[in-house]
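Scroll down for the structure; my scribbles are underneath it.
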Amino acid sequence: MAGLIGQKVGMTSFFTPNGDVACTVIQAGPCPIVAIRSKQKDGYAALQLGFGVRKSKHLNKPLAGYFQKQGVSPVRILREFRLSEEGSYEVGQVLDVRMFEEGDFVSVTGWTKGRGFAGVVKRHGFAGVGGRTHGQHNRERHPGSMGSNTFPGRVWKGKRLAGRYGNERVTIENLQVLKVIPEKNILIVSGSVPGPIGGILLLQK
Amino acid sequence: MSHLLREIEHLINAPYVKSDLPSFRAGDIVRLHLKIVEGGKERIQVFEGMVIQRRGSGLRETVTVRKVSGGVGVERIVPLHSPFLLKVEVIRRNRVRRARLFYMRGRLGKALRLKRREG
């Protein structure tokens, strides 16, 4: 089953008679099929989908040529979605949120917010070293001991330390579709989704 | 909050948007009619107390109501548009000079009195 490319609009509450649910509003599609990869020709089955509108000033010549050849108006984002079976799709066909229904479960892929070089408390949930008093003045958020002494006499590989955090590709599975609004290309899913508002998301059933 | 999000929020929750909420502010005494579901049965609980803050905007605005029950302070935070909030009655309007009355938490008995407000 093919997916859809979307953009995170933000989070809000979704009221039901049994209370309210935290939900994410996603603007998804319409996504034209820009190219079709086939097992025969490319070794795998997939659809290349487009999303958004690319202004002509952002269109370089190779890309312009590509869109012209495919007969699709230039899009901002191009992404491939693998298919398990080759289906009956055509280049230029447009997919939209109507492929999802209320109650469906979807996987949403996004890129998490980049947190830069983060310490061990933020990055790995360490508790830090003790409190502020008892003569301590500067180790509240430190990692503490690195390991044992004579054995092994070194720091274990994989020891969790400070470093770059965030800005990774994350997929959240089984988010329930609460509502589909085809006129506005809007999809409401329960729960949260990776990335900032305005971030690009990939949705799959 | 973007316009689109605001619009969608109203669209998906249309059946629950309350347009008939009375106007009230911090310091006022209100009576909240709350639907309580327990053990599969529904009943209505009335919670009367002083509004100590209104928070948030649009559909996600909440109200914090405080009362002293049996010598113990009780506060409830209720989303104004929640389907569980059936009715809000304003019992008395009081004059206060701030939007958040957290200083009421330290008060008991006579110290809780406020002056009435016109309108």
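The values are calculated or read from the model by the stated rules, or taken from the named source; none is laboratory data. Given the structure is predicted, the values throughout are model-derived calculations rather than measurements. With ideal geometry, Cβ positions are generated from the backbone for all residues, glycine too; neighbour counts draw on all protein chains shown. Ligands, DNA and RNA are excluded from the accessible area calculation, which covers all protein heavy atoms including side chains. Shrake-Rupley method; radii C 1.70, N 1.55, O 1.52, S 1.80 Å.
Observations on the model:
- Each Cα pair under 8 Å and six or more residues apart adds its separation to the average, and for chain A the resulting relative contact order is 31 percent.
- Entries in A:LYS122/A:LYS157; A:LYS39/A:LYS61; A:LYS179/B:LYS41 that, when Cα-Cα distance is taken, lie over 24 Å: A:LYS39/A:LYS61; A:LYS179/B:LYS41
- Mean-position separation - Cα centroids, the range A:1-41 and the range B:10-26, in angstrom: 28
- Projected onto their three principal axes, the Cα atoms of chain B cover extents of 46, 38, 24 Å, largest first.
- Counting only protein heavy atoms and using a 1.4 Å probe, the accessible area of B:THR62 comes to about 30 Å².
- For the range A:115-165, diffusion coefficient by Stokes-Einstein and Kirkwood Rh (Cα), 10 °C, 1.306 mPa s, µm²/s: 129
- Take each residue in A:18-28, count the other chain C-beta atoms within 10 Å of its C-beta, and the mean is 3.
- Point-to-point label distance, B:SER57-A:LYS41, nm (Cα→Cβ direction, 7 Å offset): 5.1
- Over the range A:115-165, relative contact order from alpha-carbon pairs under 8 Å, at least 6 apart, %: 51
- Degrees separating the helix A:61-70 axis from the principal Cα axis of chain A, which is the longest one: 50
- Interface burial for A against B (accessible surface, 1.4 Å probe, total of both chains, Å², rounded to 100): 1500
- Residues of the range A:123-139 with amide N under 16 Å of a point placed 7 Å along Cα→Cβ from A:SER145: A:127-130
- C-alpha long axis of helix B:3-12 to longest principal axis of chain B, angle in °: 90
- Tensor-based shape of chain A (alpha-carbon gyration tensor, a/c under 1.5 rounded, otherwise prolate or oblate): prolate
- Legend: residues B:ASP20, A:ASP20, A:ASP42, sorted from most to least accessible area (1.4 Å probe; ligands, DNA and RNA excluded), read B:ASP20, A:ASP20, A:ASP42.
- In the range A:2-43, the portion of solvent-accessible area held by carbon and sulfur atoms comes to 47 percent [1.4 Å probe, whole percent, DNA, RNA and ligands not counted].
- Residues of type lysines that B:LYS18 reaches as a straight line, Cα spacing below 16 Å, ignoring anything fewer than 8 places off in the same chain: B:LYS35, B:LYS87
- Remark: mean inter-chain Cβ contacts per residue of A:70-81 equal 0, using a 10 Å Cβ-Cβ cutoff to other protein chain atoms.
- For the pair A:GLN93 and A:SER192, the difference between a 0.36 nm per residue extended length and the Cα-Cα distance amounts to 32.6 nm.
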